[in-house]
1. Could you say which residue among 327, 319 is closer than 23 Å to residue 277 by Cα, surrounded by fewer than 21 Cβ atoms within 10 Å (Cβ to Cβ) and out of contact with any Leu (no Cβ under 8 Å at 6 or more places or on another chain)?
2. Can you go through 143, 188, 196, 151 and tell me which one is buried (at least 22 other Cβ atoms within 10 Å of the Cβ) and either of a type in the set (Gly, Ala, Ser) or more than 13 Å from residue 372 (Cβ to Cβ) (or both)?
3. Mind counting the residues in the range 119-140 that are surrounded by 15 or more Cβ atoms within 10 Å (Cβ to Cβ) and touching a residue at least 12 places away in the same chain (Cβ under 8 Å)?
4. Condition check: at pLDDT below 95 and closer than 30 Å to residue 358 by Cα. Does residue 123 satisfy that?
5. Return a yes/no flag: does the range 141-151 have any residue that is touching a Phe, Trp or Tyr at 6+ places or on another chain (Cβ under 8 Å), assigned to a helix (DSSP H, G or I) and not hydroxyl-bearing (Ser, Thr, Tyr).
6. How many residues, within the range 15-54, are in a loop (DSSP other than H, G, I, E, B) and in contact (Cβ under 8 Å) with a residue 40 or more places away in the chain?
7. Being modelled with pLDDT of 90 or more and out of contact with any Ser or Thr (no Cβ under 6 Å at 6 or more places or on another chain) is true for just one of 202, 189, 179. Which residue is that?
8. Looking at 376, 393 in this structure, which one is touching a Gly at 6+ places or on another chain (Cβ under 6 Å) and at pLDDT 95 or above?
Amino acid sequence: MHSSARTAALLLMTLVVALLLRPWDHWEALATVRPVSLLLAAIAVVWLADAPKLRLLADPPTKPLILLCLVAAATAPLSVWPSRSAEVAFNILQQAALLAMLAHLVTTPAMVERLATLMAACGTIHGSIATVTYLRQELTPDGRVFGTGHGVFADPNDLALSLVMIFPFAWWRFVESKSLGARLVAVGSLAVMLAGILASQSRGGLLAWGAAVVVLGVKAKSGIASLAGVVAAASLAAALLFPSDVFDRYSSIVHYQSDESATTRLAIWKAGASMFADHLLTGVGAGGFEVAYGQEYLDRKGAGNVWRAAHSSYIQIAAELGIFGLAAWLAFIAAILATLRRAGRLLAASTDEAAAPSLAAWVDAATASIVGFLVGAAFLSRGYDFLIVIIAGTASAVLRQATAFSSRVAPSRETQPIAQALAEAPVSANQAYVGDLLRDSPAPAAE
């Protein structure tokens with residue numbers, strides 16, 4: 001990798017950490033310089049300085065994400081909130097740039113490991129903050145904790161889903177760690193994130209975590225006993241840490257008819273379905289659900305006299321972007337899963353015993369993360385989520401690496417003994433053998 005590409009990759013890692021920790025939420029002066037746009041521009045300038053060979057549309061998730069951006073931009077003039085819709089379209093464009101950068105710049109298994117480690121570390125920080133906040137009893141009126149800042153770790157439900165999406169990568173670090181110390185750190189990270197999920201008291205988050213853990217268990221193979229042990233230990237610690245009233249809220253999952261929050265969501269989803277039917281082609285505009293709901297679809301009886309978010313990514317995308325946007329969004333999700341599946345198959349067939357098994361385990365972790373997102377997204381408005389774009393970009397990078405591994409042809413059954421003999425013979429013997437071949441070869445004809 002050229003020095004400029006290494007610098008660009010370092011800036012890219014910095015951007016990922018910045019997106020996860022959002023320091024500009026705590027320093028207003030930093031927010032005024034639009035740090036995400038600034039970092040993206042810096043990465044592009046450094047990266048493109050060496051005129052690298054680009055294959056921007058070669059990665060399966062890229063095309064549907066760009067199509068989603070185009071739909072958001074095309075429908076913005078018809079939106080109930082045009083300026084907000086234009087802003088969302090620009091954010092999706094930035095996400096497409098982030099995906100392309102990840103796919104091109106994360107070129108080695110070591111970089112995949114570094115990225116997963118950074119994600120796990122950021123998840124641990126957010127989980128720790130949520131747990132400490134709960135222990136200090138700095139709670140909302142209904143006894144829940146808020147995360148930090150204004151991003152996808154702020155609202156209790158968003159906090160839970162974000163931790164669910166990062167949890168599998170901490171598990172991957174546990175599986176891949178060789179030393180006892182590293183494994184203990186990974187177990188601590190897993191326990192802290194689970195504590196953060198429980199402290200949020202998000203029922204959708206708990207269901208999403210359960211789905212992710214099931215996928216990890218299915219994919220773990222020989223590691224399923226270790227996974228069961230880690231989950232059991234973390235669950236026991238959580239049971240000792242949190243009082244029974246925390247778990248009482250989770251018990252309402254099976255008795256949703258008597259839960260006000262659940263019935264409110266059902267009313268909102270019904271209104272969202274009507275919104276989608278009424279604006280089938282163009283939607284109400286990206287980011288416009290709350291405005292459209294409050295102005296035209298307010299259900300005072302079922303959801304109160306309050307403007308509401310969609311509380312479902314599927315309803316959100318369908319209502320805001322119409323049938324074409326929904327198709328593009330679903331195609332984006334399908335492309336991520338297809339990328340992971342293809343990468344997994346290539347890595348399973350690879351002869352690279354040094355890197356392929358580790359990357360294959362990362363693919364399993366990423367699959368669990370996406371499944372967790374799909375479950376949690378049914379209860380949250382996370383249709384324009386950047387975390388899933390980070391996973392999509394890294395998955396594209398892993399697929400490129402897996403393709404490179406598969407192109408390295410292993411010695412055939414006939415040539416393997418010769419190759420092994422040459423590898424084991426002294427250098428002088430190999431040189432003598434090559435010399436004999438050259439001496440016995442016919443001389444080239446004179447021109």
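1. Working: 319 fails: surrounded by fewer than 21 Cβ atoms within 10 Å (Cβ to Cβ).
None of the others qualify; the one that does is 327.
2. On the way: 143 fails: buried (at least 22 other Cβ atoms within 10 Å of the Cβ); 188 fails: buried (at least 22 other Cβ atoms within 10 Å of the Cβ); 151 fails: buried (at least 22 other Cβ atoms within 10 Å of the Cβ).
Residue meeting the stated conditions: 196.
3. Here the count works out to 15.
4. Working: at pLDDT below 95: no; closer than 30 Å to residue 358 by Cα: yes.
So residue 123 does not fit the description; no.
5. Going through the range 141-151, the residues touching a Phe, Trp or Tyr at 6+ places or on another chain (Cβ under 8 Å) turn out to be 145, 147.
Cutting the leftovers down to assigned to a helix (DSSP H, G or I) gives us none.
Within the range 141-151, not a single residue is touching a Phe, Trp or Tyr at 6+ places or on another chain (Cβ under 8 Å), assigned to a helix (DSSP H, G or I) and not hydroxyl-bearing (Ser, Thr, Tyr).
6. To start, the set of residues in the range 15-54 that are in a loop (DSSP other than H, G, I, E, B) comprises 22, 26-27, 32-34, 49-54.
If we keep only those that are in contact (Cβ under 8 Å) with a residue 40 or more places away in the chain as well, we get 22, 26, 49-50, 52, 54.
Number satisfying all stated conditions: 6.
7. 179
8. Details: 393 fails: touching a Gly at 6+ places or on another chain (Cβ under 6 Å).
That would be 376, the only listed residue that is touching a Gly at 6+ places or on another chain (Cβ under 6 Å) and at pLDDT 95 or above.
The values are calculated or read from the model by the stated rules, or taken from the named source; none is laboratory data. Bear in mind that the values here come from a model prediction, so they are computed numbers and not experimental data. Cβ sites come from the backbone with ideal geometry, for glycine too, and all protein chains shown count toward neighbours.
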